[in-house]
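Structure, as structure tokens:
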Amino acid sequence: MLYREAGQFKTTYRADQAVFPIRQDFIGIIAILAVLFVVVPLTFNDFWLKSIMIPTLIFALAAIGLNLLTGYAGQLSLGTGGFMGVGAYACYKLATIFPDVNILIHIFLSGFFAAGVGFIFGLPSLRIKGFYLAVATLASQFFLEWAFGRIAWLYNYNDSGAIEVPTRTLFGVPITSATAAPVTQYLIVLAIVVLLTWVASNLVRGRFGRAWMAVRDMDIAAELIGIRLLPTKLMAFAISSYYAGVAGALMVFMWLGAAEVESFDINVSFQLLFMVIIGGLGSLLGCFLGAAFIWNLPIFLRAVPEMFGTHVNAATVEHIQFMIVGGLIVFFLIVEPNGLARMWAVAKEKLRRWPFPY
Amino acid sequence: MSAAEQLAPASRELLLNIENVSLSFGGVKAIRDVSFDVRKGEIRAIIGPNGAGKTSMLNVINGFYHPQEGTITYRGESRRDMRPHIAATQGIARTFQNVALFRGMTTLDNIMTGRTLKMKTGLFWHLFRWGPAETEELEHREQVERIIDFLEIQAIRKTPVGRLPYGLQKRVELGRALAMEPELLLLDEPMAGMNLEEKEDMSRFILDVSSQFGTTIALIEHDMGVVMDLSDRVVVLDYGQKIADGTPDEVKSNQDVIDAYLGVAH
Ligand SMILES: Nc1ncnc2c1ncn2[C@@H]1O[C@H](COP(=O)(O)OP(=O)(O)O)[C@@H](O)[C@H]1O
Ligand SMILES: [Mg+2]
């Protein structure tokens with residue numbers, strides 16, 4: 001019985017409602033944070049930080065945004081990529097219009113632009129649900145892609161049509177563009193993602209989160225209890241898009257250094273949806289598991305044959321990746337809709353009883 | 001016993017008055033010109049064969065269906081039709097014939113949602129679960145724990161309701177309705193599909209809700225024994241029409257009611 005809650009009695013409701021009511025979970029999260037904040041920066045090289053850690057964290061953040069909307073509030077969206085783009089372009093405009101304001105402030109502000117756009121595109125959710133809502137969000141994706149490509153003001157009339165990140169500093173240390181050290185960028189991304197994950201977990205445990213889940217599970221009953229559907233859904237759209245927007249801004253400013261329309265196209269939306277499905281609908285932990293899995297699968301598929309001295313070409317890697325992801329999506333949708341996060345919970349359940357089979 | 005309880009039910013203060021309500025769906029007349037009242041503190045049963053329009057009547061009362069004709073007077077305020085949100089804010093709660101719980105949420109969270117209208121703290125505090133947000137959550141948690149104790153469902157507090165057996169789901173749904181601290185509680189077949197023991201438990205809870213909280217209850221039930229034991233007054237519907245209204249004894253001996261229940265051709 002390595003993992004158990006027996007004997008840990010809660011004497012107050014406050015203790016019972018804490019983020020990690022079980023002591024092992026609390027110790028576990030402290031250990032993970034210590035590894036992420038201390039061990040990783042000391043041991044990982046730039047390549048690992050840039051190609052594994054930073055993108056995984058950024059996609060996990062965007063996946064949290066999508067999961068709040070789809071997994072918690074039950075509103076299917078195929079527009080997350082577009083909302084990330086709104087954050088990215090907003091941050092770019094803010095950074096060039098107000099160059100003296102700290103870039104971190106711009107990153108947090110840019111989320112509000114995405115939230116506003118998400119709010120507007122969430123309006124149809126009053127009337128339409130499920131598949132039809134997904135189509136409406138798809139329309140928002142295409143509209144936003146069109147806007148990023150055609151409205152030259154958004155990319156400051158660059159000939160390339162791309163946005164290029166200017167160098168900005170924090171306490172004199174460069175944190176954006178190629179002059180910034182990956183480890184600095186990693187630590188900033190990590191701090192922001194940890195902060196916003198904590199906020200999301202506060203939200204879903206409180207009355208707003210419960211209202212979202214109620215609307216998701218049975219909107220009629222929710223309404224009869226006094227939950228107003230439209231404000232509840234719109235808030236989910238706005239907050240979800242805020243997360244996507246901040247993730248988009250981080251993606252450009254803390255990772256890629258430049259971006260164009262394709263960086264926020266429909267494929268990104270689908271990839272995020274896959275992360276949420278495989279990680280687990282309605283689970284914050286699942287967002288990290290899903291993002292880590294989907295983002296790193298192709299890297300892993302390329303690296304493994306090389307360890308054995310063979311080389312597999314890129315096209316083959318892509319095919320294998322499609323087959324694995326496709327298979328897993330079908331598996332999770334049919335067998336375990338709550339994804340990897342649920343499998344982890346089941347594993348914990350087993351550990352609790354270990355070594356007894358029942 | 002309070003003074004109100006000693007009065008004969010029919011002379012208590014009026015809480016809800018349904019007058020000449022008719023409701024149809026396309027060609028189907030679900031309710032035809034039905035009038036009856038519900039008085040404060042009583043347990044009012046609505047009975048009748050399947051398809052008589054009982055569920056439709058509850059849906060009219062809490063604003064889910066909008067009748068084509070008639071007036072609904074609740075707490076002295078008259079309306080052609082109720083709206084779900086007004087019903088909720090004015091203290092009308094209900095349970096459903098086919099349990100309408102939030103299946104992915106735990107028992108505790110389901111009952112907590114019943115407190116929605118009583119929770120006011122803004123988004124800002126909830127982002128950090130701090131100050132008023134934390135205080136409010138804990139206050140309401142205490143209220144909800146009282147309901148959990150009352151319904152004897154402590155053991156399933158953290159279980160997602162989708163995994164509970166049907167009988168317990170019905171109990172959780174009652175808990176969610178009670179969490180609204182309703183003035184009028186509508187119960188749609190609260191004992192359908194239960195075994196004898198579960199029915200006895202549920203009957204006890206309904207009587208306790210009535211006597212301890214003074215909640216007015218309108219309930220639909222098929223089991224005549226239960227109806228006779230629980231209710232102060234009974235209204236009988238058949239084919240959307242009211243065929244009888246009175247105390248359980250009066251209704252039991254009414255010839256139209258006997259015919260309706262024995263399936264005599266109309
Ligand atoms: N939403 C609806 N649409 C169409 N017909 C309905 C609807 N709700 C109820 N009805 C019809 O109204 C009649 C009364 O149904 P209901 O109120 O559910 O009866 P009861 O609860 O007494 O069994 C039935 O003929 C039913 O088919
Ligand atoms: Mg019915």
Any idea which residue in the stretch B:74-85 is farthest from ligand 2 (Cβ to nearest atom), counting only those that are within 14 Å of another protein chain (Cβ to nearest Cβ) and not charged (D, E, K, R)? B:His85
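Can you tell me which residues in the stretch B:141-194 are basic (Lys, Arg) and in contact with a strand residue (DSSP E or B) (Cβ under 6 Å, 6 or more places away or on another chain)?
Within the stretch B:141-194, the subset basic (Lys, Arg) is B:141, B:146, B:157-158, B:163, B:170-171, B:176.
Correct list: B:Lys158 only.
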Of the residues in the stretch A:49-65, those that are closer than 13 Å to A:Met84 by Cβ and more than 8 Å from the chain's Cα centre (by Cα) come to A:Pro55
Restricting the stretch B:47-66 to residues that are within 11 Å of ligand 2 (Cβ to nearest atom) and part of a helix (DSSP H, G or I), the one nearest to B:Phe25 (Cα to Cα) turns out to be B:Ser56
Within the set of pairs 6 or more residues apart or between chains, which connect a residue that is farther than 12 Å from A:Phe208 by Cβ inside the stretch B:107-130 to a residue that is small (Gly, Ala, Ser) with Cβ atoms less than 7 Å apart? B:Ile111/B:Gly175; B:Ile111/B:Ala179; B:Gly114/B:Ala177; B:Gly114/B:Ala179; B:Arg115/B:Ala179; B:Leu117/A:Gly226; B:Leu117/B:Ala88
With respect to the numbered conditions (1) over 23 Å from B:Leu123 (Cβ atoms); (2) touching a residue at least 40 places away in the same chain (Cβ under 8 Å), which one is the sole condition not fulfilled by A:Thr167? (2)
Filter result for B:Phe205 (more than 25 Å from B:Ile18 (Cβ to Cβ), surrounded by fewer than 22 Cβ atoms within 10 Å (Cβ to Cβ) and within 15 Å of the chain's Cα centre (by Cα)): yes
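Against the condition at the interface with chain A (Cβ under 10 Å from one of its Cβ atoms), exposed (fewer than 15 other Cβ atoms within 10 Å of the Cβ) and in contact with a helix residue (DSSP H, G or I) (Cβ under 8 Å, 6 or more places away or on another chain), how does B:Thr89 come out, does it pass?
Details: at the interface with chain A (Cβ under 10 Å from one of its Cβ atoms): yes; exposed (fewer than 15 other Cβ atoms within 10 Å of the Cβ): yes; in contact with a helix residue (DSSP H, G or I) (Cβ under 8 Å, 6 or more places away or on another chain): yes.
In short, yes.
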Tell me which of these B:Thr71 doesn't satisfy, since it passes every other one: (1) more than 14 Å from ligand 2 (Cβ to nearest atom); (2) among the hydroxyl-bearing types (Ser, Thr, Tyr); (3) under 14 Å from B:Leu237 (Cβ atoms). (3)
Can you tell me which residue among A:Leu281, A:Leu273 is within 13 Å of the chain's Cα centre (by Cα) and part of a loop (DSSP other than H, G, I, E, B)? A:Leu281
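Among the listed residues B:Arg115, B:Arg157, B:Arg103, which satisfies the condition of being more than 16 Å from ligand 2 (Cβ to nearest atom), of a type in the set (Lys, Arg) and surrounded by 18 or more Cβ atoms within 10 Å (Cβ to Cβ)? Explain how you work it out, then say what you get.
On the way: B:Arg157 fails: surrounded by 18 or more Cβ atoms within 10 Å (Cβ to Cβ); B:Arg103 fails: surrounded by 18 or more Cβ atoms within 10 Å (Cβ to Cβ).
Exactly one of B:Arg115, B:Arg157, B:Arg103 is more than 16 Å from ligand 2 (Cβ to nearest atom), of a type in the set (Lys, Arg) and surrounded by 18 or more Cβ atoms within 10 Å (Cβ to Cβ), namely B:Arg115.
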Name the single residue that is nearest to A:Arg216 (Cα to Cα) among those in the stretch B:51-75 being touching a residue at least 60 places away in the same chain (Cβ under 8 Å) and away from ligand 1 (no atom under 11 Å from the Cβ). B:Asn62
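Quick grid of which residues meet (1) away from ligand 1 (no atom under 16 Å from the Cβ); (2) within 14 Å of another protein chain (Cβ to nearest Cβ):
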site: B:Arg176; (1), (2): yes, yes
site: B:Ala192; (1), (2): no, no
site: B:Phe205; (1), (2): yes, no
site: B:Gly214; (1), (2): yes, no
site: B:Val227; (1), (2): no, no
site: B:Asp232; (1), (2): yes, no
site: B:Val235; (1), (2): no, no
site: B:Gly240; (1), (2): no, no
site: B:Ala244; (1), (2): no, no
Is one or more of the residues making up the stretch A:311-327 part of a helix (DSSP H, G or I) and in contact (Cβ under 8 Å) with a residue 40 or more places away in the chain? yes
Scanning the stretch B:94-128 residue by residue, those more than 8 Å from every other protein chain (Cβ to nearest Cβ) and in contact with a strand residue (DSSP E or B) (Cβ under 6 Å, 6 or more places away or on another chain) turn out to be B:Thr95, B:Gln97, B:Thr106
Which of the residues that make up the stretch A:220-242 are more than 7 Å from chain B (Cβ to nearest Cβ) and free of Cβ contacts under 8 Å to residues at least 12 places away in the same chain? A:Ala222, A:Pro231
Can you tell me which residues in the stretch B:130-168 are more than 12 Å from chain A (Cβ to nearest Cβ) and of a type in the set (A, V, I, L, M)? B:Ile147, B:Leu151, B:Ile153, B:Ala155, B:Ile156, B:Leu164, B:Leu168
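Every number here is computed from the coordinates shown, using simple stated rules; none is lab data. Because the structure is a prediction, the values reported are computed rather than measured. Glycine gets a Cβ as well: all are built from the backbone with ideal geometry, and neighbour counts include every protein chain shown.
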